1. With the Cα gyration tensor of the range 170-263 giving a ≥ b ≥ c as the square roots of its eigenvalues, does the rule (a/c under 1.5 for rounded; else a/b larger than b/c for prolate; else oblate) give rounded, prolate or oblate?
2. Compare Ser755, Ser232 by solvent-accessible area with a 1.4 Å probe and give them largest first, with all protein chains kept in place.
3. Roll a 1.4 angstrom probe over the protein heavy atoms and tell me the percent of accessible area of the range 44-196 that is carbon or sulfur.
4. If ligands, DNA and RNA are left out, what is the accessible area of Ser219 with a 1.4 Å probe, given in Å² to the nearest 10?
5. How many percent of Cα pairs in the range 639-705 exceed 14 Å?
6. In vacuum, with every alpha carbon of the range 665-744 counted as one equal point scatterer, what does the Debye formula give for log10 I(q)/I(0) at q = 0.19, 0.20, 0.22 Å⁻¹? Two decimals, please.
7. Can you pull the Rg over Rh of the range 141-186, Cα-only, Kirkwood?
8. Once you have the Cα-Cα distance between Arg60 and Trp797, take 0.36 nm times their residue separation minus that, and quote the gain in nm to one decimal.
Amino acid sequence: MLERITEWLAGNGADDLTPTRFGFNVPLPWFLCLLLIAGAGVGMALYYWRRLDGVEKQTRIFLVFLRVAVIVIALFIALDPSIVAERIRPGEQFVLLLFDDSQSMNIEGQSGQSRGARLLESYAAVSAEFEGELRRKHQVARYGLGAGIEALQSVNNLKFDQRESDLTGGVARAFADMEGTHVSAIIVFSDGVYQTSNDFVAIQDLPDTAPVFTVGVDSVSNWRDVELGRISVNRTDFDKSPVVLDIDIHSTGLAGREALVEAVINGVRVVKSKRISISEDRQDQQVRLEFIPDRPGWLEYEARVSLIKSTPEPEGEAIPEDRIKENNMRRFVVDNRDKEYQILYVSGRPNWENKFVRNALWPDRQQLKMTTLICISTADRKFEFKGKETSVVNPLLEGFSDDIDSPRYDEAVFVAIGENAAEVKSGYPVTAEELFGYDLIIWGDVEKPYFNNTQMEVTRDYVEKRGGALLVLGGPKSFTNGDYAGSLLEGMLPVVLHQSANDPSIRERTLFSARPTVEGRLGGSWALDTDEQSDMQLWAEMPELFGLDLFPVLRPGATVMAEAFVAGSDEGARPVFAVQRYGEGKCAILATSDTWQWQMRLDADDDRHERLWRQVVRNLVHDAPEPTFLRGKQDVYAQGAPIDLDFIIRDDNFDRREGLRTSVTLTSPNNQELALSVDESIQEAGLYSSRFTPEETGVYNLVLSSLNEKDEVVGTLTEAFLVEPDRREFQMAKYNPDFLRDLAESTGGAFVDLSEIATLPERIPLPDREDAEEVILHIWPLPGFYIALVAMLALEWYLRRRRGRA
């Protein structure tokens, strides 16, 4: 009502005014003015009612009404009724236009026209009128919206190539950029697809200083799409399929259809495929593909999903069955380089377990290189004097060797077998330089007295600092019976040991069956088959083992990979194989020393025992760190986005090194070499960094070399990484008007279709301004008041004369 009166009073100038209140232009509060008018009306009504006594009642009422109305209107005009408005000069407040410039705007709609093309076409038809109407009261600023916002000279400059669309973040940054100015409204033109790597800005956290209006650039249609979502590539320890590819498949509007999921090498040959059925209108599925790489090196694969064509085609609208092709494929790289892992098996005495473990690892001898150190004579803590025949050598060697280099009586005698036998012929390593070269150490039924304090400490450093793996086997002379309770070793183990060797529950001399846990099966190290039912059947057929070490408590951070079950016992499952992280490495226990019984009681051609040991060893060594490595490496990097490469460089003792001359060379997918500059960190020792922006897609190979001041090589590294176009904007890219509507309504704005943008200028309010000019619009000049007064006075005079009254 106030707006219409303002338009009547101000005419063309009303566009600059915002009515705020009604009042009287006299030094009295408005409510006193109203009381005065009401009181005068009531008083005059009573007065005229008495004076007209004797007049016909109906005429009397009408005459009193006319006279009172005249007096009330006259008094109302005399008090100078006014509308108080604020004048804000045009151009002092802004309307911000944010145009979605992301890649999802290239998706075609139901008509075959892309969202971006529809926006440009529709906006061009109304832009002159639309922006002209806005500029009557506001300044207009345009921005392109992607990961951030960027000033836009013309809507025709939109390229729709931004890799992100941070809608709420863009609105928040627009408010921040215009801080200190007056914003009337923000208008966002978008498809509602929200993809960002920035910190998420919730709708409720947006400033409430101005409304946000949203314009949907697409139309709701029968959406049909199958999408390849997140992929996870793992090198499992399962002997028959070391590469496991887990793929998330999202489908919409395709109930009753089938799709084909494939892993393809070099874009040509299918290495694994699986057919899946889609049973629901909206369905998420996870598909697992397992395969064995057929060649060494860095191998590039593609994961694909495609609809299997149906006959006849489904009825419905003439739109593509699979709306977005860009989300049907992803590439990934598998590191299948030939690697060597050094393993040291320390046995307290000659036994069958060592022999069968060596046989199990023999097929992988090119990668799993095992050295065995077997104690054949223990140390004698007492010296025995025998007169002239007294010798200080170990009793095993008396009469055979008086060499001063032979083991003393108080030193154990070891036999070394295997790859690095010469390096450990004198016994268990005592320095980091000797021990840190191994990736896995196995202690098999070996007692603590075999090791001195230095050897125990260097073993702890081997796990904690070097990141190696330690596997401790059970047995009659292991764990508590091996005097490890309270030692350095106990703190590393995933279990707590019994503190007394006299405790009868230390070891159970009985038959037991072993079964993998969920963790052991999923990781592949304790799986005998990829199919769960087949795996359970194979384990059920495994022979029982004899002799199980027991533990009172499992540590909180430990993971049990296999459990033991004793027939007829009420104790439930006990841990057979458990592992936990310790520092940079891991420590594991196997609560028996006699897995060789499996091999002896199975058929000669049954390789389950051998495969199991290979899998367990791979599980322990596959993530053993190198002295030099690329920290925080990602599976895939985005084309055109800067990549920060952080290298940790350590020497052979795994000590971080500073002041090195480091060079990094990249080879692009087109075999172009590029030397990267390397900066050494002043905040973190041993950290060297490079920055690189890839312009090509494909596999990049990296070579690093670090030299000290003597030009000696301290660290080397060869790596590879994959660069792909950033396709996030095509993930979950269905037109989302609900998000746009929530954004608008939560900020006091409104959501409209692209065809309705001409209605927006009249919906945009002018902002409240402390410096606005106050304008008083007097109502008394309105001719309606005077016409009413003359009409009522004439009618009252006529009625009085007709009745013959003065």
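The values are calculated or read from the model by the stated rules, or taken from the named source; none is laboratory data. Quantities reported herein were computed from a predicted structural model and do not represent experimental measurements. Neighbour counts run over all protein chains shown; Cβ positions are idealised from the backbone, glycine included. Quick note on the areas: whole protein, heavy atoms, side chains included, nothing else; ligands and nucleic acids left out. Shrake-Rupley method; radii C 1.70, N 1.55, O 1.52, S 1.80 Å.
1. Details: a/c = 5.31, a/b = 2.00, b/c = 2.66.
Oblate, because a/c is 1.5 or more while a/b does not exceed b/c.
2. Details: Ser755 100, Ser232 30 Å².
Result, largest first: Ser755, Ser232.
3. Working: 3240 of 6690 Å².
Of the solvent-accessible surface of the range 44-196, carbon and sulfur hold 48 percent.
4. Spelled out: Ser219, probe radius 1.4 Å, area about 50 Å².
5. Taking all Cα-Cα pairs of the range 639-705, the fraction more than 14 Å apart is 59 percent.
6. So the normalised log intensities work out to -0.93, -0.99, -1.11.
7. Working: Rg = 11.0 Å, Rh = 11.3 Å.
Taking Rh as the inverse mean 1/r over Cα pairs, Rg/Rh reads 0.97.
8. Numbers: separation 737, 0.36 × 737 = 265.32 nm, distance 1.33 nm.
So the extension gain works out to 264.0 nm.
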